[in-house]
Structures are given as C-alpha cells and as structure tokens.
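Heads up, the thing below is written out as structure tokens.
Rule-based calculations on the coordinates, nothing more; no lab input. Worth saying up front: this structure is predicted, and the values here are computed from it rather than measured. Counting neighbours? That spans all protein chains shown, and the Cβs are built from the backbone with ideal geometry, glycine included.
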Amino acid sequence: MNYETILLDRENHITTVTLNRPDKLNALNMRMAEELHEALAIEDDDDDTRVIVITGSGRGFCSGADLTPSNSPGEARSSTAPSLADATFEALQIKKPIIASINGVAVGGGCTMTLSCDLRIASEEARFQLPFTKLSISAELGSTYLLPRLVGFGKATELILTSRMIDAREALSIGLVNQVVPADELLDATNEMAATIAALPPKAVRLNKKGIRLGMGSELDSQRRYEELAAATLGQSDDAREAREAFREKRDPIFTGR
C-alpha cells in the first residue's frame, strides 16, 4: 500500500506509522487523516502486527489541522474534522496496543491523537497544547472525554480553558505521558516498550487492553463478567498452555497468538 502523507515500517511484529509532512510539522490535512484511518484498520487485521507505534517525521509530532493562509481555523476544521474524527475514533477501536512516540510538538488534533493511544512516550523536546478555546472553536475529537480520564477534571479544565502549551516534564507530572526521555533516546525507548509488549501472548494483550477500555465506562458487575469471560477464553488458548510449559521447563515461551 502506497501512501502520500504517512510512512509504514514493519519489523518484529511492530508496525510504525510515521506522519510524514515534516515541512508542515506533520499538520493534518484530509489526505493524512484518511490514510491514517485506513492504515490503522489494515494493521489491526494483520496477524503479523502485534503493536502499532505512531510518530512524526522531522521536528514535530503533529501540529494539528493544516491551517493554510486561505483558511480560517473554522474552515480548516470543517474540511478535515470528519476524516480526523474517523482516525481518532478508529484508534480507540483498534484491538492492538498503540504507542505514541512523541518527538516534538503535539498541538490540537495532534495532541488529541496521542490521547487515543494506549501509551505515550515523549522526547524532552515535545510540547503539548489544546488551543481550541484560544481559536474560538469547541474542543473536539474526543478530547473532552479522554483528557479528564488521563489527567483529572481540574487539570483537563485548565489545559483546555487556558489553551496554554506545556512541556514534556509537566506532561509527565500530570499523567499526560507515561515516560519522558532525551530526544536521542526516544526511538530506543519506544522500541523497547513495543518489543516487550510484542513478545507477550497477543490474545492476552488484546483482551486486557479491551478490558481496560471497557472499564473506563463500565460498572463493576459488568466488568467482572467481562473478566470472567476473558479468563475462560485465554485459559483455553495455545499460548496459555505454552506459558505453563515454558514455566515448568524453565525456558522462554514462544507465543503464536493462538
């Protein structure tokens, strides 16, 4: 599959999706939003892919919607928002874990994109901003749902209503990212986390991710029923038997996803 605005690299069960408009700090236009939506769906159905990484080329992760000189923020938003919303909500539905490897600025829709990922690793050079209020547009793309669940009601309100930009260290301190590393260590740190997850039983990873996502909006009783069903499903899997045998034989397990 050939794409114009993103790059795909597949290695050792890890697929890296790189936003590739470096001259625009990877600003989102309609083509990028559509290609990202399509790529995520394809990789989720590919059995060889166990972990997806999203990063940006050049100095930025993603500077948000592409605001060309001829467009106002509202006009650019109206043209790209539907496709970008599809990509954002597609990420929430992906069964496989997604890691955001945030190499630079993540602004507006670019910041919201990281919220829909499961894990976030940031370079010390990363910056985050939700400038919707400043631009006199509504916060969108699920940011009002996702952000409070990551950083709490008060901090989410502050970030959206003030539209201020924060650095990577503050993002770490409020729980917006999982890890901050020097810029030259971002690739290694991302690959290490992705490889750790990719080496685990794929079905267990997917069902546990689903359980965590469901738990964000479920009641305890329904969540317990899900956990019981997941336990029964995983207990009958080939990977569960392999894990038990490897433990008894004192060797590293080899998981196949079955």
Choice from Lys96, Lys203, Lys155 with maximal GNM fluctuation in the chain (Cα, 10 Å cutoff):
Lys155
Whole number please: convex hull volume per residue, Cα atoms of region 180-249, in Å³.
119 Å³
Packing-based order for 179-185, 105-111, using average beta carbon neighbours within 10 Å, highest first:
105-111, 179-185
Sort 20-33, 135-148, 213-226 by the packing proxy (mean of other Cβ within 10 Å over each peptide's residues), most packed first.
20-33, 135-148, 213-226
At 222 nm, what helix-only mean residue ellipticity would the chain give, in deg cm²/dmol to the nearest 500, using -39500 (n - 2.57) for each DSSP H run of four or more?
-15000 deg cm²/dmol
